[in-house]
Amino acid sequence: MKRFLVSGGILAFFVLVFLPQHSLCAPRAVPQGPVFDAGEIPQGKDLTHEFLLKNAGDEPLVFKARPC
Amino acid sequence: MVRISTRSYTSQVLKQIRVETNDPEAGLVTFTLKAQVVEILKVAPRLVNFGKILQNQTSVRELVCENQGKDPVRVLSVETRPPTLLSLGGQEPFVLKPGQSRAIVVKLSSGSSEGYVHGYVRLKTDLEFLPEKIVRVRADVKKKQDPGQ
């Protein structure tokens with residue numbers, strides 16, 4: 001009985017701690033290189049860069065960029 | 001892709017792009033883009049303000065061009081708009097070696113119209129990323145008092 005309770009407790013612990021993170025169906029936005037420093041550039045040259053946003057979740061990631 | 005024109009920058013560029021997402025844990029992601037803009041051909045002042053000037057008068061200001069780069073800069077032409085209002089001391093092309101500077105004389109002939117007048121000086125260069133540089137000019141033309149009044 002005691003063994004059963006201990007096993008059940010351990011199982012409950014893992015279910016409560018880990019299951020919500022892994023089974024929760026949600027997108028997860030992970031920016032790849034969120035800061036980019038282009039260094040010195042001559043005046044007039046366009047400053048361009050491609051930022052990458054990775055979806056590490058298990059649901060589609062919807063996003064909208066706003067320059068500020 | 002983020003693209004920023006550096007034409008109006010003379011020092012540091014710092015831009016942030018905020019991305020709103022449907023991630024329940026990271027609803028707002030921020031990307032930062034920065035650079036140090038090097039003004040190779042510096043023209044001072046950036047705005048020529050003649051201030052208050054009376055009708056039918058002539059006033060003169062000086063623009064100073066300086067090559068702050070590491071290679072010579074060729075100024076291919078210097079012109080003013082409107083030519084009826086603004087003229088130059090000299091319009092010949094010239095070359096500025098690194099560290100060298102040169103003054104350009106800008107002359108304003110106010111004419112008979114009252115009010116604010118606007119124009120510009122345009123320098124065409126051989127710089128790959130800055131083929132022309134524009135310096136705005138403005139003045140406030142005031143009515144000349146009649147000596148009989």
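Quick look at the values:
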read-out	value
Hits in segment B:1-35 (condition: of a type in the set (Asp, Glu) and either modelled with pLDDT of 95 or more or in contact with a strand residue (DSSP E or B) (Cβ under 6 Å, 6 or more places away or on another chain) (or both))	B:Glu20, B:Asp23
Out of B:Val141, B:Val106, sole residue that is over 16 Å from the mean Cα position of the chain (by Cα) and among the β-branched types (Val, Ile, Thr)	B:Val141
Test: residue in segment B:109-128 that is outside the structural domain of B:Gln12 (by TED's automatic domain parsing) and in contact with a Phe, Trp or Tyr (Cβ under 8 Å, 6 or more places away or on another chain)	no
Neighbours by Cβ (under 6 Å, 6+ apart or cross-chain): first from segment A:27-45, at the interface with chain B (Cβ under 7 Å from one of its Cβ atoms); second part of a loop (DSSP other than H, G, I, E, B) and among the aromatic types (Phe, Trp, Tyr)	A:Pro42/B:Phe129; A:Gly44/B:Phe129; A:Lys45/B:Phe129
Enumeration of residues in segment B:95-123 that are surrounded by fewer than 16 Cβ atoms within 10 Å (Cβ to Cβ) and part of a strand (DSSP E or B)	B:Val95, B:Ser101, B:Arg102, B:Ala103, B:Val105, B:Lys107, B:Ser109, B:Gly115, B:Tyr116, B:His118, B:Arg122
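The values are calculated or read from the model by the stated rules, or taken from the named source; none is laboratory data. Quick caveat: nothing in here was measured; it's all calculated off a predicted structure. Glycine gets a Cβ as well: all are built from the backbone with ideal geometry, and neighbour counts include every protein chain shown.
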